[in-house]
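Enquirer: This is the structure I want to talk about, given as structure tokens.
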Amino acid sequence: MLYPKKLSSKKSNLLIKILLGVSLIMAIILTIINKFTTPEVHWAALANSGIIYAWITIIYSINKRTNIAGHVMIQAIVISLLTTYIDYNLGFKGWSLEISIPIIIIIANVTMLVLTIVSHRKYVRYAIYQLVICIYSLIPIYFIQKEFINHYVLSYVAIGISIVNFILTIILSARDVKEAVIRKFHM
């Protein structure tokens, strides 16, 4: 069986530059078309934000030193910002705060729980990302307090799942975290 040849870094860098150029040209063309056809609807901004999001994901994924938990954290934050931006451009109906962000928080927490269960011995590598996701998961409390959202159920579910996930993670990995702290700080 023959395997595909691996691209050299020089060729892959050239390919990335070409694709980045094509994306930039596409973004400009979309903006021009939007300006002349339907200037009252900013659909090109939505399409261009999708292009930017795709490139953030690609660049972050190419980085060899990233771990899955960091990737989950970055994706949760960037997708939340993107959906809020889309909601804002469509007249801000609040669906990004009431539906999108809570679902993203739930998915991020479930993903982190699965990572913890599957590789709890490596939890120390995920701990800081888990903490950031847990703190990020408390943002809906702010939206509820400021009355930015009218339907609280999904936000409360997301907050609850985050708290349960954090507690389960501590229970599942307490011994490993303790050993890592003792090893790290020579206690």
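The values are calculated or read from the model by the stated rules, or taken from the named source; none is laboratory data. Keep in mind that this is a model prediction, so the values were computed, not measured. Neighbour counts are summed over all protein chains in view; Cβ atoms, including those assigned to glycine, are modelled from backbone coordinates with ideal geometry. We work out accessible area using only protein heavy atoms, side chains counted, and drop any ligands, DNA or RNA first. Shrake-Rupley method; radii C 1.70, N 1.55, O 1.52, S 1.80 Å.
Enquirer: Just 77, 107, 16 to compare: in a GNM of the chain, with alpha carbon springs under 10 Å, which one fluctuates most?
Expert: Taking springs between Cα atoms under 10 Å, the residue moving most is 16.
Enquirer: Which whole-number value in Å² is the accessible area per residue of the chain, probe 1.4 Å?
Expert: I get 68 Å² per residue for the chain.
Enquirer: What FRET efficiency would be calculated for the residue pair residue 51, residue 186, taking the C-beta separation as r and a Förster radius of 30 Å, to the nearest 0.05?
Expert: FRET efficiency, residue 51 to residue 186: 0.05.
Enquirer: Shifting gears a bit: With a 1.4 Å probe and all protein chains kept in place, how much accessible area does residue 20 have, in Å² rounded to the nearest 10?
Expert: Its accessible surface works out to 90 Å², give or take rounding.
Enquirer: In nm, give the distance between the simple-model label positions of residue 78 and residue 43, each being 7 Å from the Cα along the Cα-to-Cβ direction.
Expert: Label at residue 78, label at residue 43, 2.5 nm between them.
Enquirer: Something else now. Rounded to the nearest 20 debye, what is the charge dipole size of the chain about its Cα centre when +1 sits on each Lys and Arg Cβ and -1 on each Asp and Glu Cβ?
Expert: Value, rounded to 20: 1200 debye.
Enquirer: Using helices alone, I'd like the mean residue ellipticity at 222 nm for the chain: each DSSP H run of four-plus residues gives -39500 (n - 2.57), total over residue count, nearest 500.
Expert: -26500 deg cm²/dmol
Enquirer: P(r) of segment 9-160 in 5 Å steps, Cα pairs, percent per bin?
Expert: 2, 9, 14, 16, 16, 14, 13, 10, 5, 2, 1, 0
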